[in-house]
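Down below is the structure, laid out as structure tokens.
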Amino acid sequence: MGNQKDKISDDILDDDELLEGYDESIDFNDTTDDGKESGKSKKRGVEPMVIVDAKVLLSEIQSYYSTNRFSQKLADMILRLAENMARRNNFSGYSWKDEMILDGYEKMAMAIYNKKFDITQNYSPFSYLSRICWRSFVLRIKKEKQIKEHEKNYREMMYEKIKSENTGLYYTKQDSNGETILLTHTTNEDNDWD
């Protein structure tokens, strides 16, 4: 049993795909001579993913402020910010993700277009635009939830209205989406189920 477990772990460690991108010279023991942790990053050898370089973003914004020409590079950076924000776990399960991305893109572009970001201060444009995008995503979620609530209330109101006006028999069933459908049967023999 122990040999089988060792064989499996050896197979995993020998797999080149899993070790790709790691520097072989790195010592993965994160302890000092006295046995304490060294405080270095646990993910040594792996570079963090850079969505947008804040310095390049700042230079593009400064360029726009001086020339009033919104460059394609700046637009691509803003779109990348919105798309990557939508990949976060907070926003990944929503069916209206495209609308969220477009809302975030629009709000960030309008903030730059209207020159809301102060380039004379020592603030990061990345954090400024990320906060705008985050808030626009949350606003879209609130709007969509309100729309769903209105639809639900309308369906319930119409269901009650049909139920109260109908003098014949009525039945309900669930459709494939899980929504309730009202089926009626009138007392007239010529009519079939609606």
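Values quoted throughout were computed directly from the atomic coordinates according to the rules given, and no laboratory measurement underlies them. Bear in mind that the values here come from a model prediction, so they are computed numbers and not experimental data. Cβ: placed from backbone, ideal geometry, glycine included. Neighbour counts: every protein chain shown.
Taking 23 Å as the limit for the C-alpha separation, the pairs K55/K142; K73/K116; K116/K145 exceed it in the case of K55/K142; K116/K145. In terms of surrounding Cβ atoms within a 10 Å radius of their Cβ, I141, I147 rank from fewest to most as I147, I141. For region 149-160, 3J(HN,Hα) computed residue by residue from phi via the Karplus equation (6.51, -1.76, 1.60; θ = phi - 60°) reads 5, 4, 4, 5, 5, 5, 4, 5, 5, 5, 4, 5 Hz, glycine and proline entered as x. The trypsin sites (Lys or Arg not before Pro) of region 48-132 meeting both criteria, a DSSP state outside H, G, I, E and B (loop) and at most 16 other C-beta atoms within 10 angstrom of the site's C-beta, are R69, R87, R88, K115, K116.
For the residues M108, M77, what sequence is obtained by ranking on other C-beta atoms within 10 Å, fewest first?
Details: M108 27, M77 21.
Fewest to most other Cβ atoms nearby, the residues stand as M77, M108.
Once Rg and the Kirkwood radius are both taken over the C-alpha atoms of region 54-148, their ratio Rg/Rh works out to 1.01.
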